[in-house]
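Student: Below is the structure I would like to discuss, written out as structure tokens.
The values are calculated or read from the model by the stated rules, or taken from the named source; none is laboratory data. All values derive from a computational prediction rather than experimental measurement. Here Cβ is always computed from backbone atoms with ideal geometry, including for glycine, and neighbour counts include all displayed protein chains.
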Amino acid sequence: MSELIERYHYTYIHNVFGDFIKNTMDYFAVYLYPRFEWKVVGTYDKAIEYLNKTDQYSTEVNMPNRAGLILNPSGDMDIDGPYGKMISRFPNLASRFTKYTFDPIYQDENLIVTVGFTRLKGEIELLALLPSFYEYFDFKILTLQMFRGIDRYIYPFWFDSFIIIPTELYNYEYTNQYTGLHYKIDWDHNQVTDKLIETTNKDEKVYPCRVLPYFKLTGISDGSTRLGGLQNLPDWRITVNLEYEIEIPSFIVLESDYLAKYMNLEIRVGSRYAVNQNIEVPDERLYSKFQIEWGLDSTSNSEIIFPDEAILKYHDDLVLKTRYYHILTQEEKDLETDLEIILPEVIEGLKYVIIISKYDSLSYGDDYSVRNNNETIVIKKSVIDVLDVGDVLEIFMYVENVQS
């Protein structure tokens with residue numbers, strides 16, 4: 001019996017983003033400045049058309065405009081920073097690590113289902129149309145107070161949304177050929193409900209989620225027209241530019257028999273695969289008496305033992321606990337400092353670390369170090385300088401073999 005991983009791409013990702021835009025509008029138009037009498041989400045042209053029709057059919061030409069707010073979301077967005085580029089966030093790269101990054105939405109002794117989130121950074125423009133300089137002044141001061149000035153992050157609200165469960169996942173049935181166990185996931189008693197989705201006009205199975213967006217004020221400018229001429233009144237406008245960061249559910253991972261580790265020895269040993277083809281893959285069992293040149297000493301607060309000390313130490317056999325792959329990005333290549341790789345889990349009892357690049361094995365101390373209770377791998381800048389963007393670092397983590 002071997003571990004099985006199923007990946008499901010979340011087709012209708014826009015639903016959570018739509019809830020994010022709606023709640024952002026409500027926050028600024030209702031909480032921050034409740035004197036806004038109308039609000040529009042869309043492009044600038046759409047908002048102007050709305051104003052023109054309102055003026056044409058509902059108001060007198062020379063009446064002062066009512067306070068209004070236009071929210072213009074931008075399609076200019078990207079994955080956010082090193083945390084957003086962790087390998088566990090990409091279903092085709094390291095989906096088995098997703099469960100270490102996010103809490104599962106379903107879990108029993110045989111199955112675990114985890115939603116993977118993509119961390120996005122993007123821009124939003126707010127255009128406030130105000131009937132007088134006094135309201136212009138009020139809104140601008142309130143905005144500056146909320147954000148504490150330019151380039152300071154705030155996280156003002158949580159909002160509720162949902163994740164659509166794919167039909168094939170909702171109907172997934174677990175079967176164990178050895179025990180005869182067979183059952184279907186009981187989603188209906190695990191918070192999954194039916195919901196009519198407006199953009200698809202269909203009922204879907206959905207799981208609730210809560211999202212906390214981050215905002216940063218990047219600019220606030222004056223777009224007013226002071227002299228309106230003979231036909232129009234002065235036009236008071238403020239343009240507010242925001243940068244946001246938000247976690248959007250983008251894929252779902254199902255793992256079966258995730259607790260049955262290392263049971264398929266033929267696959268694990270006979271079909272071992274190395275990204276760095278020119279380098280010999282380390283053995284899954286290391287004999288410390290002859291092969292360990294450095295290691296981790298649990299008696300010294302997980303500090304690395306240097307080679308001259310390690311050769312005097314005799315441990316039991318070590319066994320490969322897990323193996324990570326880190327793909328070098330352009331952002332990491334451009335760093336002026338050492339590269340810090342945050343591992344998705346803390347490995348208890350870690351005794352030995354091997355790191356391989358496309359050129360050779362790295363040497364502890366000269367090329368890398370381990371910090372923060374073995375959770376952070378620090379790669380020296382001198383190593384990064386000789387690698388190319390897209391190169392893979394293979395990290396092998398060994399623990400003591402309790403069966404020795």
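Student: Filter the helices (runs of 4 or more DSSP H) completely within segment 73-168 down to those with at least 3 residues that are out of contact with any Ser or Thr (no Cβ under 9 Å at 6 or more places or on another chain). Lay out the reasoning, then the answer.
Tutor: Values: elements: 81-84, 91-94, 98-101, 133-147.
Result: 133-147.
Student: Still on this model: Name the residues in segment 91-116 that are out of contact with any helix residue (DSSP H, G or I) (no Cβ under 9 Å at 6 or more places or on another chain), in contact (Cβ under 8 Å) with a residue 12 or more places away in the chain and closer than 26 Å to Gln191 by Cα, would you?
Tutor: Ile105, Glu109, Asn110, Leu111
Student: How many residues does segment 184-221 contain that are buried (at least 19 other Cβ atoms within 10 Å of the Cβ), assigned to a loop (DSSP other than H, G, I, E, B) and under 25 Å from the mean Cα position of the chain (by Cα)?
Tutor: Going through segment 184-221 one residue at a time, the tally reaches 2.
Student: Here's a follow-up. Can you tell me how many residues within segment 142-171 are farther than 16 Å from Thr239 by Cα and either over 32 Å from the mean Cα position of the chain (by Cα) or surrounded by 12 or more Cβ atoms within 10 Å (Cβ to Cβ) (or both)?
Tutor: Of the residues in that region, 14 qualify.
Student: Also: If you check every pair at least six apart or on different chains, which have Cβ atoms under 7 Å apart with a residue in segment 369-380 that is among the polar types (S, T, N, Q) first and a residue that is in a loop (DSSP other than H, G, I, E, B) second?
Tutor: Asn373/Ser302; Asn373/Val346; Asn374/Ser302; Asn374/Val346; Asn374/Ile347
Student: So, Phe139, is that one within 24 Å of Ile238 (Cβ to Cβ), surrounded by 13 or more Cβ atoms within 10 Å (Cβ to Cβ) and outside the structural domain of Glu340 (by TED's automatic domain parsing) or not?
Tutor: So Phe139 fits the description; yes.
Student: Same structure again: For residues that are surrounded by 12 or more Cβ atoms within 10 Å (Cβ to Cβ), among the acidic types (Asp, Glu) and within 28 Å of Thr98 (Cβ to Cβ), tally how many sit in segment 345-388.
Tutor: Summing the residues that are surrounded by 12 or more Cβ atoms within 10 Å (Cβ to Cβ), among the acidic types (Asp, Glu) and within 28 Å of Thr98 (Cβ to Cβ) in segment 345-388 gives 2.
Student: What residue, of Leu129, Leu69, Leu144, is in contact with an Asp or Glu (Cβ under 9 Å, 6 or more places away or on another chain) and assigned by TED's automatic domain parsing to the domain that holds Ser221?
Tutor: None of the others qualify; the one that does is Leu129.
Student: Condition test on Leu120, is it surrounded by 19 or more Cβ atoms within 10 Å (Cβ to Cβ) and more than 30 Å from Pro344 (Cβ to Cβ)?
Tutor: no
Student: Collect the residues in segment 117-166 that are hydrophobic (A, V, I, L, M, F, W, C) and free of Cβ contacts under 8 Å to residues at least 40 places away in the same chain, keeping them in residue-number order. Walk me through how you get there before you give the answer.
Tutor: Step one: list which residues in segment 117-166 are hydrophobic (A, V, I, L, M, F, W, C), which gives 117, 120, 124, 126-130, 133, 137, 139, 141-142, 144, 146-147, 150, 154, 157-159, 162-165.
Phe137, Ile141 - these are the residues of segment 117-166 that are hydrophobic (A, V, I, L, M, F, W, C) and free of Cβ contacts under 8 Å to residues at least 40 places away in the same chain.
Student: Further, regarding this structure: Looking at (1) under 30 Å from His189 (Cα atoms); (2) of a type in the set (Asp, Glu); (3) within 15 Å of the chain's Cα centre (by Cα), which one does Asp78 not meet, given that it meets all the others?
Tutor: Here Asp78 clears every test but (1).
Student: Would you call Gly180 assigned to a loop (DSSP other than H, G, I, E, B) and more than 22 Å from the chain's Cα centre (by Cα)?
Tutor: yes
Student: Name the residue that is surrounded by the most Cβ atoms within 10 Å (Cβ to Cβ), counting only residues in segment 1-42 that are part of a strand (DSSP E or B) and in contact with a Pro (Cβ under 8 Å, 6 or more places away or on another chain).
Tutor: Applying the filter and picking the extreme gives Tyr8.
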